[in-house]
Amino acid sequence: MVMPDGRGSPAAYLRDIGLGDFARATSPFDPGYDPLTVEGHLDQSAHLMASIKISMACWMIADEAATRRKIDAATRAGVPSVAGGGPFEIAVAQDRLDHYLDLCAGMGLTRIECAEGFTELPHSPERLIAMASERGLEVEFELGEKHSGSFSSAEVDRLIDQGRTWLDAGACRVVVEARESAQGVGLFSEGGSFDARLAERFVEALGFEAVVFEAPLKQSQFAILDHFGPEVRLSNVRLEELLRVEIYRRGLHSDAFLRDNLRPRPPDGAP
């Protein structure tokens, strides 16, 4: 039924309850879904995605045509596609970085994630970004090691300096490591508690626009949004959890609605 003044559309209703526009601030990941699943999520939620990570090395051993289909779908939807940092580090360790960069460019990926989560880089950030740029690839950098536990204060100081170096060299953004568990790694304790004090230091030093926090589980997603509010950037969110994260970000989840920093502003004329 056609309603007056567009009142039959979700967008009109959301504006009416006080929700404005939101920047794309979540980067979900594809852990190896089939092309139809990825295409379906892009049809449903591309307008909410800051990027999509074609994650781990799954895309390398899947049927090539299927992988290309997923990357092409993201490109058509206007969502940057990103290769995860693990394959990059393996390419570095195997002395095949040039071949890896050629592969990512040839597959049509938008961006690569560089990291030193379990290896050491042989080149400077400037050199690596230049190598990627020559192939039309953007670069982001992941901060933190995968196997060294939760961050200390001194480690955060070092990572902030490292992040600033990569951003100054031309990286699009830096990503704070949390793996797939958000437990005993990065900003999370063994029990999964979020260290907001240390997280604030990344944002204060590098800014909301440049810093992305990995948040693979509901507990980690909600904890970061509770603390920082709707501007914060999140990644490592599973595709099927993206909409839940985004309703929480907008205060449309019952728990989020109770929080002053997430609740929609009162509509005009409301008490």
Determine if the range 232-251 includes at least one residue that is small (Gly, Ala, Ser) and within 16 Å of the chain's Cα centre (by Cα).
yes
Only one residue in Ala91, Ala73 is part of a helix (DSSP H, G or I), within 25 Å of Phe22 (Cα to Cα) and out of contact with any strand residue (DSSP E or B) (no Cβ under 6 Å at 6 or more places or on another chain), so which one is that?
Ala73
If you scan the range 1-38, which residues turn out to be of a type in the set (Val, Ile, Thr), at pLDDT 90 or above and open to solvent by 40 Å² or more (accessible area, probe 1.4 Å)?
Ile17, Thr37
Could you tell me which numbered condition His41 fails, if it satisfies all but one of (1) touching a helix residue (DSSP H, G or I) at 6+ places or on another chain (Cβ under 7 Å); (2) assigned to a helix (DSSP H, G or I); (3) open to solvent by 50 Å² or more (accessible area, probe 1.4 Å)?
(3)
Members of the range 219-268 that are surrounded by fewer than 20 Cβ atoms within 10 Å (Cβ to Cβ), at pLDDT below 95 and assigned to a helix (DSSP H, G or I):
Gln219
Just need a number here: residues in the range 179-218 that are assigned to a strand (DSSP E or B) and either farther than 23 Å from Met49 by Cα or open to solvent by 10 Å² or more (accessible area, probe 1.4 Å) (or both).
4
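The values are calculated or read from the model by the stated rules, or taken from the named source; none is laboratory data. These numbers were taken from a predicted model, which means no experiment stands behind them. Backbone-built Cβ (ideal geometry, glycine too); neighbour counts: all protein chains shown. Ligands, DNA and RNA are stripped out before the accessible areas are found, and what is left, the full protein with its side chains, is counted by its heavy atoms. Shrake-Rupley method; radii C 1.70, N 1.55, O 1.52, S 1.80 Å.
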